[in-house]
Amino acid sequence: MKKLLFSASPLGSRLADVAWLLLRLHIGLSIAVGAGWAKLVSMTTATEAAKLAGGQAALGPPDWFVQQVATLGFTFPSPYMWAWLATWGEFAGGLLIAFGLLTRWSAVQLAFQFFVIAFLWYETPEPVLGMYYQQLLFWCFVLVTVVGGGRYSLDYVLTQHRSRLSELVPTRRVATATAALVLFLTTACLAGGSLKSDLLIEPGKQFALGGGQPGAFRVVARNTGTVSVEIKERPLGGGIFGKATLAPGQRAILRFLPGSTALLLNPSDKKARLDLHVTGDTNLSMGYEVNGKL
């Protein structure tokens, strides 16, 4: 496990190690700042230094990126989750590559991201021969995955201090106990609370359930009325995504991310009725909104 996490070895010469360090710093910091952090604070260019100070935007992926992720097919359980993971993967992964810590793991996830960008998202992909920066970055991250951090990396420092590394990496017994505790707490949280409601939705209105809560929640909804009801998700980072349309008598099980709002829309001119069973984080705000509010 230690070798897998922190393995690093010198290259053929110190000059090669210096060149490798410069490459790591360039691709790591450019991705962390120009791609990851830029999305987190909604920068339009990588040189907007004022936004780097923070406080101007919530740390989350912008709506355009969430929609881009959705168009690529990453919609389960929510495109916002995948956009969030990709954005933080760029930011944290880039920094880790620059400092040479967990270098291979960081490079693997970034190589996957840029494989999607270079060969699935790009309008006219040209594997190997294509001269566009998305593909160049993909091959850079593949190379970093193979080579590792090199001499001038934290991975190399840790491998040279085995006693210190033993303190940083938990023993198998501690890791097993920690995993069991996390599993127990997760199960307890999921089973801890529930909320049931026989909900009436006025014509042309939508009922908003949740928004800003720290935990995820699940909704089991059954349409007990005579008109169809649309169910959508409004992520914390913005945007709105369709989840299901329940015809009278239909039932669905829907999951919503932390911070998201479940929107139950009645587009008809008659009252709608739903039987709801909510589990997970049930400390949710509730209220009616004008139909179509984003």
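Here are some notes:
- Residue satisfying all of: in the range 118-157; part of a helix (DSSP H, G or I) and over 25 Å from the mean Cα position of the chain (by Cα); surrounded by the most Cβ atoms within 10 Å (Cβ to Cβ) among these: ASP155
- Residues of the range 250-294 that are touching a strand residue (DSSP E or B) at 6+ places or on another chain (Cβ under 7 Å), at pLDDT 85 or above and of a type in the set (A, V, I, L, M): ALA252, ILE253, LEU254, ALA262, LEU263, LEU264, LEU265, ALA272, LEU274, LEU276, VAL278.
Per-residue answers, yes or no, for (1) closer than 17 Å to ALA92 by Cβ; (2) at pLDDT 75 or above; (3) small (Gly, Ala, Ser):
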{"site": "SER30", "(1), (2), (3)": "yes, yes, yes"}
{"site": "VAL33", "(1), (2), (3)": "yes, yes, no"}
{"site": "ALA38", "(1), (2), (3)": "yes, yes, yes"}
{"site": "SER42", "(1), (2), (3)": "no, no, yes"}
{"site": "THR45", "(1), (2), (3)": "no, no, no"}
{"site": "GLY54", "(1), (2), (3)": "yes, no, yes"}
{"site": "ALA57", "(1), (2), (3)": "no, no, yes"}
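- Near pairs, Cβ below 9 angstrom, 6+ apart or cross-chain, from the range 1-26 (more than 18 Å from LEU102 (Cα to Cα)) to any residue that is surrounded by fewer than 13 Cβ atoms within 10 Å (Cβ to Cβ) and modelled with pLDDT of 95 or more: none
The values are calculated or read from the model by the stated rules, or taken from the named source; none is laboratory data. On a predicted model such as this, the values are computed, not experimentally measured, just so you know. For neighbour counting, all protein chains shown are included, and Cβ atoms are generated from backbone atoms with ideal geometry for every residue, glycine included.
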